[in-house]
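> Here's a structure for you.
The values are calculated or read from the model by the stated rules, or taken from the named source; none is laboratory data. Given the structure is predicted, the values throughout are model-derived calculations rather than measurements. We place every Cβ from the backbone using ideal geometry, glycine too, and count neighbours over all the protein chains shown. What goes into the accessible areas is simple: the full protein's heavy atoms, side chains included, and nothing from ligands, DNA or RNA. Shrake-Rupley method; radii C 1.70, N 1.55, O 1.52, S 1.80 Å.
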Amino acid sequence: MVVQAGSGWPGDPATPRTPVAGGPADVVALAAAARSLDALSARVSVCRACPRLVQWREQVAVEKRRAFADQVYWGRPVPSFGDPAARVLIVGLAPAAHGANRTGRMFTGDRSGDWLYAALHRVGLANQPTAVSADDGLALRGVRIAAPVHCAPPANKPTPEERDTCRPWLSREVELSWPALRAVVVLGGFGWAALWPALRAAGVALPERLPLFGHGVEAEVDGRTVLGCYHVSQQNTFTGRLTEPMLDAVLSRAAELAGLP
């Protein structure tokens, strides 16, 4: 079963009257017309612009993982999550098939989320260290989490076309959030590469030379700071490429830049 728009699912931002993007041109028009983050999230959550991603996310929601066989899967694009007046924006990659694609909330219900939210809690930006479902009471302080791609992709690898089709959602998110933002934390090289054209499309003035991605890299952009961080994937956390102190240091730096004690 896949959750339907306006079904009363915890945190579901859409209603039966929310316009649905059926292709790339619709994404451009509907993103540009969103006048608030809530309206943007509603439109994201019913997008059907990428046929391969629609087929995959809904197939996963029906077939499920054995451990979650008794659960109803979200099975739709996952909207951004967090403080609507955020001073720090975290940009990831895409929802996990049995994580956010199941729970309907960014980085919720998988081990990557376990790492991210535990770290946000340690540095004082989340009210609890765990994220298991969309109605578990988790709240972020001064932080919002977005992604370049809002649907779970096969093998966790969106195509360049899918990334580009989804870009107007991220660009509008940036445009609406930019006045309050002071720092952007990018998790991984995919997000780093996807962020710059999204910023440009949002009208943000970029540096003449864009920095290469690296953990701890900082770039000054229009009076804000963009910080690179290795992604909280199991590939990185299990191998020790990303450690808790490394993650905490980047998030603490972002909090400091944003004036979040």
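Here is a yes/no grid of residues against (1) touching a Pro at 6+ places or on another chain (Cβ under 6 Å); (2) outside any helix (DSSP H, G or I); (3) closer than 28 Å to residue 110 by Cα:
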{"residue": "195", "(1), (2), (3)": "no, no, yes"}
{"residue": "199", "(1), (2), (3)": "no, no, no"}
{"residue": "203", "(1), (2), (3)": "no, yes, no"}
{"residue": "209", "(1), (2), (3)": "no, yes, no"}
{"residue": "212", "(1), (2), (3)": "no, yes, no"}
{"residue": "225", "(1), (2), (3)": "no, yes, no"}
{"residue": "232", "(1), (2), (3)": "no, yes, yes"}
{"residue": "247", "(1), (2), (3)": "no, no, yes"}
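> While we're looking at this one, here's another question. Considering each residue of segment 155-191, count those that are more than 25 Å from residue 56 (Cα to Cα), touching a residue at least 60 places away in the same chain (Cβ under 8 Å) and part of a loop (DSSP other than H, G, I, E, B), and give that number.
Here the count works out to 3.
> Keeping to segment 55-95, report how many residues are of a type in the set (A, V, I, L, M), free of Cβ contacts under 8 Å to residues at least 60 places away in the same chain and in a helix (DSSP H, G or I). I'd like the intermediate steps shown before the answer.
Let us first name the residues in segment 55-95 that are of a type in the set (A, V, I, L, M), namely 60-62, 67, 69, 72, 78, 85-86, 88-91, 93-94.
If we keep only those that are free of Cβ contacts under 8 Å to residues at least 60 places away in the same chain too, we end up with 67, 69.
Now narrow it down to the ones that are in a helix (DSSP H, G or I): 67.
Residues meeting the conditions: 1.
> Mind checking which residues of segment 1-48 are over 20 Å from residue 62 (Cβ atoms), open to solvent by less than 60 Å² (accessible area, probe 1.4 Å) and charged (D, E, K, R)?
Within segment 1-48, just 43 meets the criteria.
> Filter segment 218-234 for residues that are in contact with a Leu (Cβ under 9 Å, 6 or more places away or on another chain) and open to solvent by 40 Å² or more (accessible area, probe 1.4 Å); which is farthest from residue 175 (Cα to Cα)?
Of everything passing the filter in segment 218-234, 230 is farthest from residue 175 (Cα to Cα).
> A further question on this structure: Take segment 24-51 and flag every residue that is in a loop (DSSP other than H, G, I, E, B) and out of contact with any helix residue (DSSP H, G or I) (no Cβ under 8 Å at 6 or more places or on another chain). Explain how you work it out, then say what you get.
Step one: filter segment 24-51 for residues in a loop (DSSP other than H, G, I, E, B), giving 34-36, 45-50.
Residues satisfying the conditions are 35, 45, 46.
> Say whether the condition of being part of a helix (DSSP H, G or I) and more than 23 Å from residue 255 (Cβ to Cβ) is met by at least one residue in segment 134-154.
Yes - at least one qualifying residue is present in segment 134-154.
> In addition: How many residues does segment 84-108 hold that are more than 13 Å from the chain's Cα centre (by Cα) and open to solvent by 20 Å² or more (accessible area, probe 1.4 Å)? I'd like the intermediate steps shown before the answer.
If we filter segment 84-108 for residues that are more than 13 Å from the chain's Cα centre (by Cα), which is where we start, we get 84-87, 97-98, 102-103.
From what's left, open to solvent by 20 Å² or more (accessible area, probe 1.4 Å): 84-85, 87, 97-98.
Of the residues in that region, 5 qualify.
> Then there is this: Would you check which residues across segment 119-138 are open to solvent by 20 Å² or more (accessible area, probe 1.4 Å) and either touching a residue at least 40 places away in the same chain (Cβ under 8 Å) or among the β-branched types (Val, Ile, Thr) (or both) and list them?
Taking segment 119-138 first, the residues open to solvent by 20 Å² or more (accessible area, probe 1.4 Å) are 121-124, 127-130, 132-137.
Listed by number, the residues that qualify are 122, 123, 124, 130, 132, 133, 134, 135.
> Here is a follow-up. Would you mention how many residues in segment 178-214 are within 15 Å of the chain's Cα centre (by Cα), open to solvent by 10 Å² or more (accessible area, probe 1.4 Å) and over 23 Å from residue 119 (Cα atoms)?
Residues in segment 178-214 being within 15 Å of the chain's Cα centre (by Cα), open to solvent by 10 Å² or more (accessible area, probe 1.4 Å) and over 23 Å from residue 119 (Cα atoms): 1 in total.
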